[in-house]
């Protein structure tokens, strides 16, 4: 499947899908995560107000969300199955804009400056970049081995989705 997503693709994952939300952010998608214990009515109101697609494993809640807008029910227990099902349902490209959003708080990342780079391991500063910083939490992201492993996983999901 060829990715058809645009920067306007906005998602809200229920609290059970925290891992999937981090992977969506790693791929560059605006993937908000429900607050723990947030009432269903508030989730639905937030989806509508923020023009987000609701993603959940809760059939009843997805049914209610579909009545108000777009929602996707995921039935897989594992992140691999969830990633592939979501890509199939929405046409997501798992290599859309890798590592352009904070994995923790979903904010768009900005280029890191010299002060930011001084706070990362010296051996990491020799990497080719890009080096980015989250304006919300201050975390600095660099293309270390963790990012390379994550990128390979995103590429696998993309490739499996294209083969389907």
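Every read-out reported here was derived from the displayed coordinates using simple, explicitly stated rules and does not represent laboratory data. The shown structure was predicted, so the numbers you read here are calculated from the model rather than taken from an experiment.
Quick notes
- Once the Cα atoms are used to define both axes, helix 79-90 deviates from the longest principal axis of the chain by about 70 degrees.
- Axis of helix 59-68 versus longest Cα principal axis of the chain: the two differ by about 90°, to the nearest ten degrees.
- The angle between the Cα long axis of helix 145-163 and the longest principal axis of the Cα atoms of the chain comes to about 40 degrees, rounded to the nearest 10.
- One entry in (i) 262; (ii) 177; (iii) 117 is volume of the Cα convex hull per residue in Å³ calculated from the shown coordinates; its label is (iii).
- Across segment 8-164, the mean sequence separation of Cα contacts (distance under 8 Å, 6 or more residues apart), normalised by length, yields a relative contact order of 21 percent.
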